[in-house]
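Chemist: Sending over a structure as structure tokens; questions will come in a sec.
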Amino acid sequence: MSVTQPTETIARRSLHDELVDRVRELIVDGSLSAGSKVPERELCERFGVSRTPMREALKVLAAEGLVLLEPNRGAWVTRVTIEELEEVFPVMGALEALSGELACERISEAGIAAIEDTHRRMVTHFQAGQLAEYFRANQEIHEAILTAADNATLSAQYKSLASRVRRARYIANMSRERWTKAVAEHEQILAALRTRDGQALARVLKQHLANKFDTVREWLQSQR
């Protein structure tokens with residue numbers, strides 16, 4: 001990755017959180033590739049920060065399993081492995097299922113309408129073959145369901161794993177057939193939300209994530 005780009009100075013509103021988010025996204029979308037050393041100096045220049053907040057941000061990402069900190073050697077982007085995902089995805093599936101159940105109890109009509117709007121935008125990106133934009137809208141839907149669940153403990157646990165799941169999704173090549181199936185699953189998610197059927201939504205969300213894992217696992221196995 002080349003990080004010699006125009007300065008993107010971060011507002012001091014929430015320097016730490018914003019910096020963690022920015023570097024996390026570079027890892028999740030593959031701009032910082034697995035197995036590569038994190039170019040701390042270049043990232044500091046890019047975001048207009050000193051080494052201290054950068055290193056604090058890397059500590060957070062290390063706790064999330066995205067980077068490995070080595071004494072006197074710096075930070076390295078971790079590799080995605082099947083073994084890791086076999087641990088992460090079932091836990092994330094359980095959290096997704098619970099968020100769906102709680103969301104159906106607590107979401108407002110306005111909240112459902114907002115998710116419907118995002119779903120339509122996601123489908124438009126699917127039809128146009130815009131994978132990155134599709135992923136962003138897709139993630140917005142899952143985060144909106146989590147927000148509607150209105151459970152701080154659930155949100156904290158979910159967010160601690162979410163970046164690892166998103167990263168796995170980004171690295172795998174998704175066939176048109178699987179992509180079409182994923183959109184159909186989102187139609188089921190929306191239908192369950194509209195009827196506030198928590199058990200149905202929990203089942204669909206859990207299966208949706210299991211299908212994602214199958215796609216990622218097949219891709220990782222093909223790379224061996």
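The values are calculated or read from the model by the stated rules, or taken from the named source; none is laboratory data. Worth saying up front: this structure is predicted, and the values here are computed from it rather than measured. Heads up, the Cβs are rebuilt from the backbone with ideal geometry, glycines too, and the neighbour counts pull from every protein chain shown.
Chemist: Residue by residue through region 189-224, note down the ones that are loosely packed, with under 15 Cβ neighbours inside 10 Å, modelled with pLDDT of 95 or more and either in a loop (DSSP other than H, G, I, E, B) or in contact with a helix residue (DSSP H, G or I) (Cβ under 6 Å, 6 or more places away or on another chain) (or both).
Modeler: Scanning region 189-224 gives a single hit, ARG196.
Chemist: In this structure, is GLU143 surrounded by fewer than 19 Cβ atoms within 10 Å (Cβ to Cβ) and under 13 Å from the mean Cα position of the chain (by Cα)?
Modeler: Values: surrounded by fewer than 19 Cβ atoms within 10 Å (Cβ to Cβ): yes; under 13 Å from the mean Cα position of the chain (by Cα): yes.
So GLU143 passes the test.
Chemist: Here's another thing I want to ask about it. Hey, can you tell me all the residues within region 122-160 that are of a type in the set (Phe, Trp, Tyr) and either in contact with a strand residue (DSSP E or B) (Cβ under 9 Å, 6 or more places away or on another chain) or free of Cβ contacts under 8 Å to residues at least 60 places away in the same chain (or both)?
Modeler: Scanning region 122-160 gives PHE126, TYR134, PHE135.
Chemist: Follow-up question, since we're still on this one. Which number in (1) out of contact with any Lys or Arg (no Cβ under 8 Å at 6 or more places or on another chain); (2) at pLDDT 90 or above marks the one condition that LEU69 misses?
Modeler: Failed condition: (1).
Chemist: Of the residues ALA75, ALA94, which is touching a residue at least 24 places away in the same chain (Cβ under 8 Å), of a type in the set (A, V, I, L, M) and within 13 Å of LEU161 (Cβ to Cβ)?
Modeler: Answer to the check: ALA94.
Chemist: Still on this structure, please answer the following. Determine if region 115-134 includes at least one residue that is modelled with pLDDT under 95, surrounded by 20 or more Cβ atoms within 10 Å (Cβ to Cβ), part of a helix (DSSP H, G or I) and not aliphatic (A, V, I, L, M).
Modeler: yes
Chemist: Please verify whether LEU102 is buried (at least 18 other Cβ atoms within 10 Å of the Cβ) and under 21 Å from ARG166 (Cα atoms), treating the condition exactly as stated.
Modeler: Numbers: buried (at least 18 other Cβ atoms within 10 Å of the Cβ): yes; under 21 Å from ARG166 (Cα atoms): no.
Here the answer is no, as LEU102 does not meet what is asked.
Chemist: I'd like the full set of residues that are closer than 13 Å to GLU96 by Cα, of a type in the set (D, E, K, R) and over 16 Å from the mean Cα position of the chain (by Cα), limited to region 179-220.
Modeler: ARG203
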